[in-house]
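The values are calculated or read from the model by the stated rules, or taken from the named source; none is laboratory data. Quantities reported herein were computed from a predicted structural model and do not represent experimental measurements. A quick note on method: Cβ atoms are made from the backbone with ideal geometry, for glycine too, and the neighbour counts reach across all protein chains shown.
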Amino acid sequence: MNQEPADSGRRRSRRSTAFSGAAMPVMLLGLSAAAASFGAAAAERPDFTGVWGVYRAPGESGFGFGGPQAELPLRPDARRRVEEYRALVEPTGDTPGGLCLGSGMPGSMLGSGGYPMEIVQHEDLILVVYEAHSEIRHIYINGPEVAEEDLFPDRNGYSVGRWEGDTLIVETTHLKEAVDQTRFPHSEQARIVEEYTLETLDDGARVLTAQMTMTDPVFYTEPVSAEKKWAYLPGTRLLPYECNEPAWEARLDELRAGQQAEAAAQ
């Protein structure tokens, strides 16, 4: 019976090791090429970092919405709920902002009352800070994967973004029902898709354009859309927005008045 030499196993191990060693540089080269390709793609993406204010074309006024809003294709029940809300608050002029509540989506990305916003762009995360009410949106690029039970409705929802060439696509879900939205009230089933593109005009001005489409089968018979343009504001910073400070100062005045009344009664 033929028997293998006693050192054949060692030779096989050496051959296997030699094969692995030869494959490793190829593997590393492949990873390096992939990393270089990813880095090149990232380098080609526009950088939205900075402070942005409402862009107004020459001769345009207002918040840059491009004219009066068309009638919304609201379903009858949704229209009734919106009208009931407005009938409730309009006599007193009450608004969410008056009680320090942020605009929420899509009102925040459509202008937040004309206040500026700041974008901080990272590879895997984009932060959008709206000066009004110091609202902050987190846009997670290509993830991360989050269990459904860990997501809950919020006025700004949960936003995930991806790059398609030089266009940033952002999808927002898990919104709260918001009949208080000035332009686009919606239910918690609303889904908002934004497309952001950056252009440089002939005069050198940088303009960020946001195309928004919202679908909501509970509130609308068809998708609704809007466009918002932002102008880059170099050398600008956001100012603090302490909505609760006047209320706190008023409360301190009440306490001082009570203290003085007690002292006078003694």
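Worth a mention:
- As for region 209-232, it holds at least one residue that is touching a Gly at 6+ places or on another chain (Cβ under 8 Å) and farther than 26 Å from Pro96 by Cβ.
- Residue within region 77-90 that is surrounded by fewer than 12 Cβ atoms within 10 Å (Cβ to Cβ) and modelled with pLDDT under 95 present: no
- For the residues Glu131, Glu123, the requirement of being touching a residue at least 24 places away in the same chain (Cβ under 8 Å), of a type in the set (Asp, Glu) and buried (at least 18 other Cβ atoms within 10 Å of the Cβ) singles out Glu131.
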